[in-house]
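First comes the structure, then the notes that go with it.
The values are calculated or read from the model by the stated rules, or taken from the named source; none is laboratory data. What you see is a predicted model; the values in this text were computed from it and never measured. Because the Cβ atoms are built from the backbone with ideal geometry, glycine has one as well, and the counts that use them run over all protein chains shown.
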Amino acid sequence: MLVMAGLGLYDERDVTLKTLDFAKKVDKIYAEFYTAILTGTTMEKIESTLQKPITVLDREKVEYETNKLIDEAKDNDIMFLTAGDPMVATTHVDIAVEARKKGIEVVIINAPSIYSAIGITGLQLYKFGKTTSIVFPEPNYFPETPYDVIKDNLKLGYHTLCLLDIQADKERFMTANEGLDALLKIEEKRKENVISGETKVAVVARAGSINPGLYYGKIKDLLNYDFKSPLHCVIIPGKLHFMEEDALKYLFENI
């Protein structure tokens with residue numbers, strides 16, 4: 001049996017009772033934290049909560065040695081943990097599908113993810129368009145996909161959730177400031193008037209924690225703002241309903 005369980009968004013207290021129940025029964029627990037990470041806790045605290053040791057797998061082992069994990073689940077009860085919800089990343093979906101193809105029982109335990117947590121903004125979830133990711137620019141790698149996604153969503157009046165790059169092995173987490181700066185650099189190159197310093201955006205910091213940060217303002221006023229510790233994400237609002245306007249006014253810190 002393969003149990004795929006999410007750990008939630010922030011700390012070990014996000015772990016569901018279902019996950020705790022299955023953790024007691026399984027033979028071994030694996031986890032990956034390169035697609036997302038819980039910044040409000042430590043591996044020691046998670047292991048203490050689950051009362052079992054956890055073997056952390058890196059990107060290469062998850063993406064290129066999936067069969068080893070699946071084959072182990074043929075004769076053993078294996079738990080695979082991820083931050084957020086276990087079925088958000090396509091890599092995790094692939095693991096579940098391949099396991100089922102081999103006749104292995106797959107149990108999926110859902111958990112809070114950024115897709116549910118953005119409800120805290122008061123923006124209507126059904127008005128979000130395609131999600132995009134902003135990555136750290138490299139000398140020969142600076143994808144402009146986020147710009148195109150935002151442009152397409154805005155044409156339809158949709159909001160855009162921008163996830164920010166995580167390099168967990170380097171303990172490097174893109175800040176909202178860096179993400180916004182990257183968007184402005186793409187605008188400077190493309191000159192299609194999609195984003196400017198006058199564009200109003202929302203920033204969510206530490207989603208899932210007891211004291212998340214909610215900030216709203218013009219990009220030019222947010223570029224040097226201290227959003228404090230990660231993880232951050234950026235939302236480019238589309239056409240706003242009057243209730244959404246009130247949410248941005250009263251639920252957020254307006255900068």
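Go through the residues of the stretch 7-15 one by one and say whether even a single one is surrounded by fewer than 20 Cβ atoms within 10 Å (Cβ to Cβ) and farther than 30 Å from Lys228 by Cα. No, there is no match, as no residue in the stretch 7-15 is surrounded by fewer than 20 Cβ atoms within 10 Å (Cβ to Cβ) and farther than 30 Å from Lys228 by Cα. In the stretch 16-49, how many are over 13 Å from Pro86 (Cα atoms), without any contact (Cβ under 8 Å) to a residue 60 or more places away in the chain and surrounded by 18 or more Cβ atoms within 10 Å (Cβ to Cβ)? Total meeting the criteria: 7. Residues that are charged (D, E, K, R) and within 21 Å of the chain's Cα centre (by Cα) number at least 2 in the following helices (runs of 4 or more DSSP H) confined to the stretch 176-255: 176-190. Number of residues in the stretch 241-255 that are in contact (Cβ under 8 Å) with a residue 12 or more places away in the chain and either touching a strand residue (DSSP E or B) at 6+ places or on another chain (Cβ under 7 Å) or not charged (D, E, K, R) (or both) equals 9. Here Phe128 does not qualify as at pLDDT below 95, surrounded by 13 or more Cβ atoms within 10 Å (Cβ to Cβ) and under 26 Å from Leu180 (Cβ atoms). Tallying residues that are farther than 16 Å from Glu192 by Cα and part of a helix (DSSP H, G or I) within the stretch 126-158 yields 2.
Exactly one residue out of Phe22, Phe33 is in contact with a strand residue (DSSP E or B) (Cβ under 6 Å, 6 or more places away or on another chain) and aromatic (Phe, Trp, Tyr): that is Phe22.
Can you tell me how many residues in the stretch 83-125 are part of a loop (DSSP other than H, G, I, E, B) and under 26 Å from Thr39 (Cα atoms)?
Step one: list which residues in the stretch 83-125 are part of a loop (DSSP other than H, G, I, E, B), which gives 83, 85-89, 102-105, 110-113, 122-124.
Of the ones still in play, those that are also under 26 Å from Thr39 (Cα atoms) are 83, 85-89, 110-113, 122-123.
Here the count works out to 12.
Tally the residues that are assigned to a helix (DSSP H, G or I) and not small (Gly, Ala, Ser), restricting the search to the stretch 159-171. Write out each step before concluding.
The first filter runs over the stretch 159-171 and keeps only residues assigned to a helix (DSSP H, G or I), leaving 168-170.
Applying the additional criterion that residues be not small (Gly, Ala, Ser) yields 169-170.
Qualifying residue count for the region: 2.
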